[in-house]
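Working notes, structure below.
Rule-based calculations on the coordinates, nothing more; no lab input. No experiment lies behind these values; they were computed from the predicted model shown. Here Cβ is always computed from backbone atoms with ideal geometry, including for glycine, and neighbour counts include all displayed protein chains.
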Amino acid sequence: MDDFKAQYLAYIQSQEWELKRQETFKLFGRACKKCGAARHLQIHHKTYARFKHERVDTDLIPLCRPCHKGLHQFCKRYGLNVERGSQQFLAPAPVDRSIGRRLASVLRIPQLMRKHDLCERDVRALIEVGAL
């Protein structure tokens, strides 16, 4: 085991870390900042630059266990350090405004079927290509 890993494991068992952890939950709430889950929460270091002297508002963030694991796998897969990987993994997904229009169309399938005298399969096909 390398020196940093040993220091890290000892630190996250300390009372000092527990206080940081509670302070992080107080600031951000008890929910994963990626998916909103409220169970199996962990605190993620967005950077190790201030290890043992973290700033709660910028260096730490609550994540559920699956999102935390996913973030570290994302970093490993794309060869990113934890700081850059955190920025990309936690960035909000771009909003696709066409999804709302398509969903509204799908919810209106019965009306569209009657209006255009089409079967459901044809209405869905027309929605897919953006014709309805």
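Points worth noting:
- Förster radius 30 Å - calculated FRET efficiency between HIS40 and LEU9, Cβ distance, rounded to 0.05: 0.95
- Given R0 = 30 Å, the distance between the Cβ atoms of GLU23 and ARG77 translates into a calculated FRET efficiency of 0.45.
- Dipole check for region 2-90: with +1 at the C-beta of Lys and Arg, -1 at the C-beta of Asp and Glu, and the Cα centre as origin, the magnitude is about 420 Debye.
- Partners of LYS20 within straight-line reach, counting lysines whose Cα lies under 18 Å from its Cα and excluding those fewer than 8 residues away in the same chain: LYS33, LYS46, LYS52.
- As a proxy for reagent exposure, ranking TYR48, TYR78, TYR8 by other Cβ atoms within 10 Å from fewest up yields TYR78, TYR48, TYR8.
- Put simply, the amide H of HIS44, placed in the peptide plane, has neighbours under 5 Å in ILE61, LEU63, leaving out anything fewer than 5 places away on its chain.
- Label point at ARG65 placed 7 Å out along Cα→Cβ; residues across region 3-24 whose backbone nitrogen lies under 20 Å: 9-10, 12-14, 18, 21-22
- Region 3-90: C-alpha gyration tensor shape, a/c 1.5 cut-off, then a/b vs b/c: oblate
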